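Here's the structure we're looking at; comments come further down.
The values are calculated or read from the model by the stated rules, or taken from the named source; none is laboratory data. This one's a predicted model, so the numbers in the text were calculated from it and none came from an experiment. Heads up, the Cβs are rebuilt from the backbone with ideal geometry, glycines too, and the neighbour counts pull from every protein chain shown.
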Amino acid sequence: MDVPSLLVLLQQWPKEAIKEYSNLHLLSVSFMILALSVVLLFRVCSISKRSHAYKLPPSPPKIPIIGNLHQVGALPHRSFRDFSQKYGPLMLLHMGQSPALVVSSVEMAREIMKNQDLVFASRPSITTAKALLYGCTDISFAPYGEYWRQVRKICVLELLNVKRVHSFKNLREEEVRALIQKISNSCSSREEGEVVINLSKLLQTLANNIVSRCAVGAKYESDYFGQLSREVLRLLARSFQFW
């Protein structure tokens, strides 16, 4: 092979290599997309078959992965009202991959909470609760059964008996007086115009102050304890989001 032919071959070789690499890369991407599509289709079909195997409540059309989250919107209570007018007082929504039963009537709520209460009394198994609460042994997350009944009995006899509740009477009265004084000061701070008072926040703070003073002897509104409590609530809110 002469020198000019060799130079021409060397000039063409990178172009052919790049073209082959591009074709190979495109083929790999196409194969990955096809594989993901097959897996997603199989997942949707399996969920659909499993749903038809049970007599589930009516549900609005959902999208794979996100379910009905895109239909809830910024005002969930209004979305639920609109759904109930179309699908009835009992409907099934999918918050991501988590199914949620939505009850929109007093009669249906009474049926669930009173007549069928044992069916709905248990709690779901949550990974975060298992890690933080010693395998869901806390009364708030323990599944319904003999253990939960025993823990509830201990709470009623030791923490919520008449003598124990009466011992914190002065504390509760003190916090209620402080709440009334705070509302009075807010009303008298502005002589003219309307005064907006967030009663929801004040009542929540009242309950938190009473519980925290009974439990640890510190007010929820104190700087350190309040900041620590808010940080704990923020972390718990992130931990128990829809998964």
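What the table shows:
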item	result
Helices (runs of 4 or more DSSP H) (entirely within the stretch 46-135) containing at least 2 residues that are among the basic types (Lys, Arg)	76-87
Near pairs, Cβ below 7 angstrom, 6+ apart or cross-chain, from the stretch 188-212 (within 15 Å of residue 178 (Cβ to Cβ) and among the polar types (S, T, N, Q)) to any residue that is assigned to a helix (DSSP H, G or I) and modelled with pLDDT of 85 or more	209/175
The stretch 37-62: number of residues that are farther than 19 Å from residue 96 by Cβ and at pLDDT 85 or above	1
Positions within the stretch 136-160 being assigned to a loop (DSSP other than H, G, I, E, B) and either surrounded by fewer than 12 Cβ atoms within 10 Å (Cβ to Cβ) or assigned by TED's automatic domain parsing to the domain that holds residue 215 (or both), in sequence order	140, 145, 160
Pairs where the first residue, in the stretch 150-176, is within 22 Å of residue 205 (Cβ to Cβ) and the second is part of a helix (DSSP H, G or I), C-beta under 7 Å, 6+ apart	168/214; 171/210; 171/213; 171/214; 172/210; 175/206; 175/209; 175/210
Condition broken by residue 89, with the remaining ones in (1) surrounded by 13 or more Cβ atoms within 10 Å (Cβ to Cβ); (2) closer than 30 Å to residue 236 by Cβ; (3) modelled with pLDDT of 80 or more; (4) of a type outside the set (S, T, N, Q) satisfied	(2)
